[in-house]
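Encoded as structure tokens, the structure appears first; notes follow it.
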Amino acid sequence: MQRTLKAGLLLAWIGFAPAGWTAERLALVVGNARYLNERPLVNTLNDARAVADQLRGLGFEVTLHEDLAAIPMRREVNRYLEEVKGREGTVLFYYSGHGMQDRYRASYLIPVDAKVTGQEDIVAYGVGVNDILEKLGERPRDAVSLVILDACRDNPFATQKGGKGLGRVDAGRGTLVLYAAGPGQTADDRPGEPNGLFTQHLLKVLPQPGLDLEDAFDRIAEAVERASNGYQVPYKEGDLRGKYYLAGSPPGTLAATPPATPPTAPPAESPSDDQTLWQSAERCGTAACFQAYLKKYPAGQFAEMARARLQPPPSPPPVIPEAPPPVVRSPDKPAFQDMGYVCKLNPRGDNFLSLRTGPGATYPEILRMGENTILTVFEVQEPWYRVRMQDGTTGWVNRRWICRGSP
């Protein structure tokens with residue numbers, strides 16, 4: 001499906017702080033990859049996990065779910081929407097997986113157990129995007145709702161049963177929806193790389209302090225458009241109030257504030273200004289806010305606490321990687337650099353052998369090989385061979401369909 005939704009990711013990351021913002025930031029992240037009767041999507045789980053990690057680093061309390069079927073997916077989405085319904089602060093929903101449009105161009109997120117054979121199945125299985133936005137629209141007036149939808153990959157369901165990618169939606173004031181690609185476009189999933197094209201650039205921008213959401217998204221969109229030669233152009237829908245920042249406001253400012261009517265005269269400074277500014281910095285929670293407090297009150301009553309908040313956290317203990325599994329070899333298995341070829345395929349079945357990125361059926365598929373494809377075997381991890389094709393492509397295959405010698 002189109003990767004239009006991935007731009008939606010951006011929303012979830014916003015470390016914004018509008019007026020009235022509380023330190024509460026809640027995010028629900030869902031990644032679906034292993035669909036029934038379809039090849040697993042390559043990077044949806046990697047992207048969802050990377051987004052969840054970035055959000056935690058930006059102060060979000062994150063709930064991450066992977067490969068949800070229809071009933072669990074509806075249950076978890078509804079539970080989250082009920083949880084955030086009456087709460088202030090910033091909330092984010094991020095989805096990475098397949099999505100579809102029905103005949104009315106309404107958008108639905110597709111669970112992994114979906115059996116889409118017609119239009120009615122889209123509604124029966126899918127989670128409606130408009131339903132999510134309607135619930136988020138019931139949040140308090142000053143609350144910020146962010147929706148990131150990465151459901152724009154080339155969707156095998158969509159060829160005969162529904163529209164390709166997701167349609168445009170109507171997001172209310174205070175809600176922003178970000179897509180990884182525009183209507184009618186598909187998003188580059190980048191097989192063989194750790195993340196899709198949009199997420200690669202998104203993760204580079206998220207940690208940068210002082211970037212307003214609009215500016216951050218413009219940078220990401222330009223980078224993705226340039227990298228794809230114009231094939232993929234992220235875009236957004238919705239309307240936020242004021243400016244919002246991904247990783248803290250610019251130096252010398254406190255939390256971003258929405259437009260407001262200025263007072264007729266600035267209030268006179270009073271002995272409580274020190275405490276008021278400290279409380280604002282506490283609510284903001286970013287390094288820039290604590291630095292702004294210290295700049296104005298270097299010897300204030302909360303100066304030591306502000307300096308303590310600016311200290312980096314202790315480094316975690318080093319992670320000692322596990323030793324790789326030993327290579328199992330026996331006399332009846334081929335030695336390194338043995339020649340072989342694909343054999344014993346069933347012409348009435350799949351009639352192909354998958355070349356995968358690792359020694360197991362859950363690893364992503366690189367390509368499919370036909371009968372008598374010549375290979376060189378140079379590593380064994382039973383029951384898998386690591387092989388090299390004649391064009392230099394390498395990967396792993398199940399030894400059951402490899403014969404020694406030449407065809």
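Considering region 157-201, and only residues there that are at pLDDT 75 or above and of a type in the set (Val, Ile, Thr), the residue that is surrounded by the fewest Cβ atoms within 10 Å (Cβ to Cβ) turns out to be 175. Go through region 220-234 and give me each residue that's assigned to a helix (DSSP H, G or I) and aliphatic (A, V, I, L, M). If the condition is that a residue be assigned to a helix (DSSP H, G or I) and aliphatic (A, V, I, L, M), then 220, 221, 223, 224, 227 are the ones that fit. Here region 381-403 is the region considered, the condition is being in contact with a Ser or Thr (Cβ under 9 Å, 6 or more places away or on another chain) and in a loop (DSSP other than H, G, I, E, B), and the residue that is least open to solvent (accessible area, probe 1.4 Å) is 382.
Within region 367-380, track down each residue that is buried (at least 18 other Cβ atoms within 10 Å of the Cβ) and under 35 Å from the mean Cα position of the chain (by Cα). Walk me through how you get there before you give the answer.
Narrowing region 367-380 to residues buried (at least 18 other Cβ atoms within 10 Å of the Cβ): 369, 373, 375, 377, 380.
Result: 369, 380.
Going through (1) crowded, with 18+ Cβ neighbours inside 10 Å; (2) at pLDDT below 80; (3) not basic (Lys, Arg) one by one, residue 273 falls short only on (1).
Determine if region 245-260 includes at least one residue that is modelled with pLDDT of 65 or more, in a helix (DSSP H, G or I) and surrounded by 14 or more Cβ atoms within 10 Å (Cβ to Cβ). For region 245-260, residues modelled with pLDDT of 65 or more, in a helix (DSSP H, G or I) and surrounded by 14 or more Cβ atoms within 10 Å (Cβ to Cβ): absent. Are there any pairs, at least 6 apart or on different chains, whose C-beta atoms fall under 8 Å, with the first in region 295-311 and over 12 Å from residue 281 (Cα atoms) and open to solvent by less than 100 Å² (accessible area, probe 1.4 Å) and the second of a type in the set (Val, Ile, Thr) and part of a loop (DSSP other than H, G, I, E, B), and if so, which? Listed pairs, sorted by first residue: none to list. When residue 237 is tested against (1) within 30 Å of residue 145 (Cβ to Cβ); (2) modelled with pLDDT of 75 or more; (3) assigned to a helix (DSSP H, G or I), just one condition goes unmet, and that condition is (3). Has region 11-22 got any residue that is touching a Ser or Thr at 6+ places or on another chain (Cβ under 8 Å) and modelled with pLDDT of 90 or more? The answer is no, given that none of the residues of region 11-22 is touching a Ser or Thr at 6+ places or on another chain (Cβ under 8 Å) and modelled with pLDDT of 90 or more.
Of the listed requirements (1) assigned to a loop (DSSP other than H, G, I, E, B); (2) at pLDDT 90 or above, residue 406 misses just one: (2).
Only a single item in (1) within 30 Å of residue 177 (Cβ to Cβ); (2) at pLDDT 80 or above is not met by residue 242, and it is number (2).
The values are calculated or read from the model by the stated rules, or taken from the named source; none is laboratory data. Just so you know, these numbers come straight off a predicted model, no measurement behind them. All Cβ positions, glycine included, derive from the backbone under ideal geometry; neighbour counts span all protein chains shown. Just the protein is used for accessible areas: all its heavy atoms, side chains included, with ligands, DNA and RNA removed. Shrake-Rupley method; radii C 1.70, N 1.55, O 1.52, S 1.80 Å.
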